[in-house]
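S.K.: To start, I am sharing the structure in question, which I have written as structure tokens.
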Amino acid sequence: MRREGPLSDLGDPHTYRVALYVLLALPVGGAAAALLTGGVVAGLLSLPVLVGAALLLGALWLVGGLADVQRVLAGLLGVGFVRPALAPAYTGVLPWLRATLSDPDTYRALLFHVVQLPLALLCWLVLGLLLAVAAVGLSAPLWASAPERVSPALLTWGNLSAQPTPLAVAGLVLLGLGAVVVGTGVLNLMGRMWGRLAGALLSQGGASEAARREVLALRRAAGRVALGDDLNATLRDLTDQARAASTARTVALAAPGGALRALSGAPLEPGDDLADPDMGGGVPLSGGAVVRTLGGGGTLALLPVTLPISSGVGGGTLRAVYAPGRRPGPDELAFLLSIADHAGTALHAAELIERAGARAGEQERARLARELHDSVAQALYGITLGAKTARATLERDPVRTRASLDYTIRLAEGGVSEMKALLFSLRPDALEEGGLVAALSQHAHALEARHGLSVHAELGAEPSLTPDTQAAAYRVAQEALHNVVKHARAGAVWLSLREEGDEVRLEVRDDGRGFDTAAAGRGTLGQRSMRERAAGVGGALRVSSAPGEGTAVVLTLPAAPAESRERA
């Protein structure tokens with residue numbers, strides 16, 4: 001934080017920029033007054049000879065032209081202006097005259113030109129008086145030690161004469177120092193006054209332009225939050241939108257501890273440490289704002305970034321720093337509060353995504369543990385029993401030993417197939433790399449070895465499918481085969497995959513007990529899941545069954561065009 005003190009303004013560069021502005025305000029204001037007054041008077045006097053109309057039009061143009069000069073000059077005060085997004089095209093004198101006379105900016109700029117000269121003259125008088133007092137006081141040791149160098153009129157009054165004592169000289173020096181300190185303070189107050197005056201009267205576009213920028217910024221912010229692909233990029237974009245559509249010099253999003261999450265705008269000055277957790281004097285209440293003056297003369301607006309109570313943490317604050325002389329109005333604070341709400345939404349969405357990812361990871365680990373227990377672990381246990389049986393009967397019953405070894409080999413092969421299927425399901429890119437035919441072959445082999453089913457696979461060549469369609473076909477086949485094991489009580493399964501013209505047909509058929517499709521209605525959860533997967537890639541699913549006649553699941557998918565296969 002910037003340390004404030006009696007002499008702090010003397011070391012602040014902003015003080016000297018304000019001094020330069022006040023120094024230039026009088027001649028610039030005098031020139032503007034002379035040009036405008038002269039143009040109007042000359043135009044009125046020469047109006048009968050038609051030259052006056054041109055002079056009056058020139059004076060009207062000068063109102064806007066001189067306002068541009070004043071806006072550049074106001075940059076010394078740290079005041080910035082946003083020009084309208086689209087400048088009106090010139091279509092002739094009369095349309096320009098009509099638009100200029102109906103524009104409120106014209107009259108605000110004219111009012112600034114009117115008040116600038118007397119106000120600048122008043123500033124010169126006040127500062128001139130303070131400078132005179134400072135000069136007399138600080139030079140007291142010089143003229144008191146050599147009174148003959150000073151005009152007698154300054155040290156005499158009628159028949160009386162004055163000879164300053166050392167104590168009086170010391171008092172005059174202190175008076176001069178006080179005048180310097182007071183002068184710098186008054187100068188900064190003048191800077192704030194001129195800054196607010198320039199911001200109020202020289203701003204272009206008015207409320208309609210500001211509202212247009214704010215609406216556009218909020219629309220872009222909403223789109224960015226809805227995209228939600230990168231939290232840091234989203235927060236940076238929100239601060240950029242807030243700064244671009246407001247009059248703030250710098251906008252930042254800070255965490256509850258004060259650490260900056262995102263920053264946009266001009267570099268920070270020593271008195272504007274946005275990362276200071278105590279700079280705002282406390283976090284504002286939800287839906288409110290805290291606005292206070294910074295040490296360098298600027299203004300800080302603090303707005304809360306709210307998160308739901310269920311989050312258990314605070315969202316931090318949105319911090320906007322304004323140049324000296326600028327202060328946000330109620331409409332701008334409402335806009336910044338909307339941006340802060342968007343930031344809270346982005347933070348909450350990122351938190352929900354993180355929770356969902358963690359929960360999905362836990363569920364996947366639990367599913368993997370169940371799969372390992374139900375398949376590979378039991379296969380290993382069976383292999384152990386088979387090996388022990390073979391060892392026990394090796395010498396006395398070779399036939400039984402051979403049977404035990406065959407059983408053990410089948411279990412081992414089934415366990416390998418089960419493990420490959422599990423590893424396959426854990427790798428998102430495995431299906432694309434190995435192909436659908438290889439994936440179905442591994443799954444069929446594991447099903448045969450693990451559950452003793454007779455699987456008749458007719459898979460043929462790799463069909464022409466996009467990666468998404470491949471994944472949907474594999475998941476549907478996986479669910480259908482799982483239903484055979486779980487519900488059908490079948491002895492044999494027929495699995496076929498073939499490409500027919502512009503369609504790919506996948507069929508899973510069993511000789512199990514079947515069911516009544518009419519009584520099942522829309523089907524079980526597994527059937528609804530298969531139908532949704534098929535519809536998601538433009539396919540169709542048909543389930544046919546009858547009690548005692550088995551079940552057939554037929555999936556029809558669109559074949560991928562040649563160009564799609566080449567891109568894949």
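S.K.: Within the range 316-333, how many residues turn out to be closer than 26 Å to N232 by Cβ and either small (G, A, S) or part of a helix (DSSP H, G or I) (or both)?
M.R.: Residues in the range 316-333 being closer than 26 Å to N232 by Cβ and either small (G, A, S) or part of a helix (DSSP H, G or I) (or both): 4 in total.
S.K.: Same structure, new question: Given the residues E462, E499, which is the only one that is within 16 Å of L436 (Cα to Cα) and part of a strand (DSSP E or B)? Give the steps one after another, and end with the answer.
M.R.: Values: E462 fails: part of a strand (DSSP E or B).
That would be E499, the only listed residue that is within 16 Å of L436 (Cα to Cα) and part of a strand (DSSP E or B).
S.K.: Can you go through H456, H451 and tell me which one is modelled with pLDDT under 85, within 29 Å of G415 (Cα to Cα) and open to solvent by 70 Å² or more (accessible area, probe 1.4 Å)?
M.R.: Values: H456 fails: modelled with pLDDT under 85.
None of the others qualify; the one that does is H451.
S.K.: Output the residues belonging to the range 425-441 that are surrounded by 19 or more Cβ atoms within 10 Å (Cβ to Cβ) and modelled with pLDDT under 85. Before you say what the answer is, go through the steps one by one.
M.R.: Taking the range 425-441 first, the residues surrounded by 19 or more Cβ atoms within 10 Å (Cβ to Cβ) are 425, 431, 436, 439-440.
Answer for the range 425-441, where residues must be surrounded by 19 or more Cβ atoms within 10 Å (Cβ to Cβ) and modelled with pLDDT under 85: S425, L431, A439.
S.K.: In addition: Within the range 486-496, can one find any residue that is at positive phi, open to solvent by 10 Å² or more (accessible area, probe 1.4 Å) and either free of Cβ contacts under 8 Å to residues at least 12 places away in the same chain or part of a helix (DSSP H, G or I) (or both)? So that I can check it myself, show each step before the final result.
M.R.: Start the filter on the range 486-496 by keeping residues that are at positive phi, which leaves 489.
Checking the rest, the ones that are also open to solvent by 10 Å² or more (accessible area, probe 1.4 Å) come to 489.
Checking the rest, the ones that are also either free of Cβ contacts under 8 Å to residues at least 12 places away in the same chain or part of a helix (DSSP H, G or I) (or both) come to none.
No, the conditions are met nowhere in the range 486-496.
S.K.: When the range 9-39 is examined, which residues are found to be farther than 19 Å from P324 by Cβ and free of Cβ contacts under 8 Å to residues at least 24 places away in the same chain? Can you show your working first?
M.R.: Filtering the range 9-39 for residues farther than 19 Å from P324 by Cβ gives 26-39.
Of everything in the range 9-39, those that are farther than 19 Å from P324 by Cβ and free of Cβ contacts under 8 Å to residues at least 24 places away in the same chain turn out to be P27, A31, A34, T37, G38, G39.
Here is a yes/no grid of residues against (1) more than 58 Å from the chain's Cα centre (by Cα); (2) assigned to a helix (DSSP H, G or I); (3) at pLDDT 90 or above:
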position: L117; (1), (2), (3): no, yes, yes
position: L122; (1), (2), (3): no, yes, yes
position: E148; (1), (2), (3): yes, yes, no
position: L167; (1), (2), (3): yes, yes, no
position: V173; (1), (2), (3): no, yes, no
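S.K.: Another question, then. Mind telling me which of the residues A32, A25 ends up being more than 30 Å from L294 (Cβ to Cβ), open to solvent by less than 20 Å² (accessible area, probe 1.4 Å), of a type in the set (G, A, S) and at pLDDT 90 or above? Don't jump to the end; show me each part of the working.
M.R.: Values: A25 fails: more than 30 Å from L294 (Cβ to Cβ).
The unique qualifying residue is A32.
S.K.: Would you mind listing the strands (runs of 3 or more DSSP E) fully within the range 234-306 where at least 2 residues are touching a Gly at 6+ places or on another chain (Cβ under 9 Å) and at pLDDT 80 or above?
M.R.: Working: elements: 250-254, 260-265, 290-293, 299-304.
Correct list: 250-254, 290-293, 299-304.
S.K.: How do the pairs read when you match residues in the range 501-516 that are free of Cβ contacts under 8 Å to residues at least 40 places away in the same chain and of a type in the set (D, E) with residues anywhere that are assigned to a strand (DSSP E or B) and surrounded by 21 or more Cβ atoms within 10 Å (Cβ to Cβ), using Cβ under 9 Å and keeping only pairs 6 or more apart or on different chains?
M.R.: D511/V493
The values are calculated or read from the model by the stated rules, or taken from the named source; none is laboratory data. Since the model is a prediction, treat every value here as computed from it, not as a measurement. Counting neighbours? That spans all protein chains shown, and the Cβs are built from the backbone with ideal geometry, glycine included. Calculation scope for accessible area: heavy atoms of the full protein, side chains included, ligands and nucleic acids excluded. Shrake-Rupley method; radii C 1.70, N 1.55, O 1.52, S 1.80 Å.
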